[in-house]
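Structure first, then comments.
Coordinate-derived values only; no laboratory data. These numbers come from a predicted model, not from an experiment. No Cβ is skipped: glycine too gets one built from the backbone with ideal geometry, and neighbour counts run over all protein chains shown.
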Amino acid sequence: MKAVIYARYSSDNQREESVEAQINAIEEYANKNNHIILKHYIDRELTGTNDNRPSFQSMIKDSKTGLFDLVLIHKTDRFSRNKADSAIYKRMLLENGVKVIPVAESFISDSPFGVVMEGMLEGWAEYYSLNLSTEVKKGQNSNIRKFDTIGKVKHNGGKPPFGYVIDSEGYYVIDDHEAIAVRKIFDMYLNGYVYKDVMEWLDQLGYRTKYGKPFGKTSIHGILHNPKYCGVYTYRNKKRVYVGGRYKDIENPDKIVIDGGIPAIVSKEDFERIQLIMAENNKNSKRSASKEIFILSGKVFCSKCGSKLESNSYMGGRDRKHQYRNYRCSGRKKGLECDLKPYDKETLEMDVCLQLEKDVFNDDQIDILSKEIYEAFKKQSSTSVSTLKSYNTKKASLERQIENLTTALANGAAFNSVYSKLSDLEHQKDMLEFEIKREQYSSDRIMSLESIRDILLVGKDMHLKTDKEKTTLINMFVERIVLGDTLEVRLNFKPDRYMDSGGEGNRTPVRKPVHESFSHQSH
């Protein structure tokens, strides 16, 4: 199959080699399974707790082209550590006919309960990320508190903004060459030039972003909007919240602002003038309406022509003020003759939830599912133990090398030549310790039988849950839904041993009459 690679590393005790290790493992998996790698999408020094990652977004966009069938990742948390984001983007990829495979967690695809386990792992990855974030913030807060005594703030991780470099002590210093471009960007925007003009000027003079790429609209917008350029250090600018069935970034009430925390490249007056211009431009631009959440999107297929049912929302009725929401067959767009009428969104979603409650989330099935999933989790624990052993061996080797170099320094070895190597080894050790902590967490996340059962019990009253919770459960348990004269819900796993209806392969047909209201909800 045709595949692409997605790899990511954050800035916290990780570096380029962690991406290379991910890619090596993925390519080895691809070779064994006869997958053809078409492209690499890599995000360097970017967190997985949100979706603001350029290469990640490019991958999602490119999935619409139909050029690849698989996205290969190293582990589940490389795709996203935010469970809701993971569900949303995997659903997008699914709609485009693309599947995500975490190659280092092969037990997911090997197990008949793989999708269920994957959903649970995503939840644990998000929990781990929150704990890791707490530890990282302790160090960052310490850096910020030092401002009161030394009059400047240390860099808190990641790449510094264009126009700055970080000195040997970790403080911001102006890069004279890049600063010329920053001032020119501000000057051109103040004088009415558009992004295209600024991009052409930067390209002609050979300027590139910190990632070595040509400047685009997003990178220029980020520079014009960054208060660091007028000497104002900000920390915790945004806070991600879940509102109206989707995540959005809001102003963080705990935001920290330190005026004079870093050296300024442009004046505050110019910076504030630009913010006013940008705010006015934003006010005048068209705002896109919030997208309706269809929790079954990408999962529903027509029994008559085999096409997917697409989400549909429109204003109708005599006064054109009544909003209709339904799922309709996309077959007609393809030129197929199909007489399947649209299905009312709320009715269909309710029927699917009730069907899952009846056939999956009942006490008997939950007890059996819990035991099966628990055994599958235990089976994969040996992989983590083996990985930990390898990591600890490498760590011991690094510690010996560090000790030898430290002894050499004490015995009068040349400082410059030894210190550079020592610094590199210390960084490798820090990175390895981070991986060890993550792998220890991974090996310890074998959930108890009771905790797995508690998670499954959420489905007992699924129809009362939020759209986010419903989407998560549907992604975990439902392979596809087939609609025609009947409603058929096929599960992601093979439950022959405890489902009376059995199934073809890993599908379990569950039949019930289609709700009568569908016939008069069509338009």
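Values computed for the structure shown
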item: Table column - 3J(HN,Hα) (Hz), the stretch 325-335, Karplus curve with 6.51, -1.76, 1.60, x for Gly and Pro; result: 10, 8, 9, 10, 5, 8, x, 5, 5, 8, x
item: Environment charge at Leu38 (Cβ cut-off 14 Å; Lys +1, Arg +1, Asp -1, Glu -1); result: -1
item: Cross-link pairs beyond the 22 Å C-alpha cut-off, checked among Lys378/Lys468; Lys159/Lys228; Lys333/Lys468; result: Lys378/Lys468; Lys333/Lys468
item: Over the stretch 161-284, equivalent-ellipsoid semi-axes from the Cα gyration tensor in Å; result: 24, 20, 15
item: Environment charge at Ala396 (Cβ cut-off 14 Å; Lys +1, Arg +1, Asp -1, Glu -1); result: +2
item: Around Gly231: net Lys/Arg minus Asp/Glu count, Cβ-Cβ under 9 Å; result: +1
item: Amide H partners (placed H, <5 Å) of Val478, local residues excluded; result: Asn492
item: Two-site label geometry, Ile436 and Asp424: point separation in nm, points 7 Å out along Cα→Cβ; result: 2.2
item: Placed amide H near Val300: partners under 5 Å, 5+ positions off or other chain; result: Leu309, Ile481
item: Relative contact order %, the stretch 161-284, counting alpha carbon pairs below 8 Å whose residues are six or more apart; result: 24
item: Backbone HN-Hα couplings from phi across the stretch 473-484 [Karplus 6.51/-1.76/1.60, Hz, Gly and Pro as x]; result: 5, 5, 4, 6, 10, 9, 7, 7, 10, 10, 10, x
item: Stretchable slack from Ala21 to Asp176, in nm (0.36 nm times residue separation minus alpha-carbon distance); result: 52.3 nm
